[in-house]
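Nothing in this text is a laboratory measurement; each read-out follows from the coordinates by a stated rule. Just so it is clear, the structure is predicted and the values come from calculations on it, not from any experiment. Cβ sites come from the backbone with ideal geometry, for glycine too, and all protein chains shown count toward neighbours.
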Amino acid sequence: MTIDIDFFDPTVAPGTHHPEPNGIYYEYFRTMITKVFKEYNVIGFDIVEYAPQLDPSNITGNMIVNIILEMLGAKFNKDYE
């Protein structure tokens, strides 16, 4: 599974070269990931299109860490929700 950072709204992920106006927000993504991991056997993931030089406040970097933790939690914790 590939997570493209420009999928998110630029207000929550400004660190990308190709921001997507009206992209999704983190809470909606979290709900989607929970459903995907329950229904499919995801065996790997990566995160692309991150441009840290465009985000001096590191909002995007911090969100990426949360994404990784959410995905690992959804994969390995059977009680996760």
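Computed from Cα positions, the angle between helix 59-76 and the longest principal axis of the chain comes to roughly 10 degrees.
On full extension, the segment bounded by residue 20 and residue 46 gains 7.5 nm, given 0.36 nm per residue less the C-alpha separation.
For residue 47, the residues whose amide H sits under 5 Å from its own are 3, ignoring neighbours fewer than 5 places away on the same chain, with H placed 1.01 Å from N. For the chain, a Kirkwood radius taken over Cα pairs fed into Stokes-Einstein (10 °C, viscosity 1.306 mPa s) yields D = 122 µm²/s. The relative contact order of the chain comes to 36 percent, based on Cα pairs under 8 Å that sit 6 or more residues apart.
Note on residue 1/residue 53: beta-carbon distance plugged into 1/(1 + (r/R0)^6) with R0 of 22 Å gives a FRET efficiency of 0.30. Helix content alone sets the calculated 222 nm mean residue ellipticity of the chain: runs of n ≥ 4 DSSP H residues at -39500 (n - 2.57) each, divided across all residues, give -13000 deg cm²/dmol.
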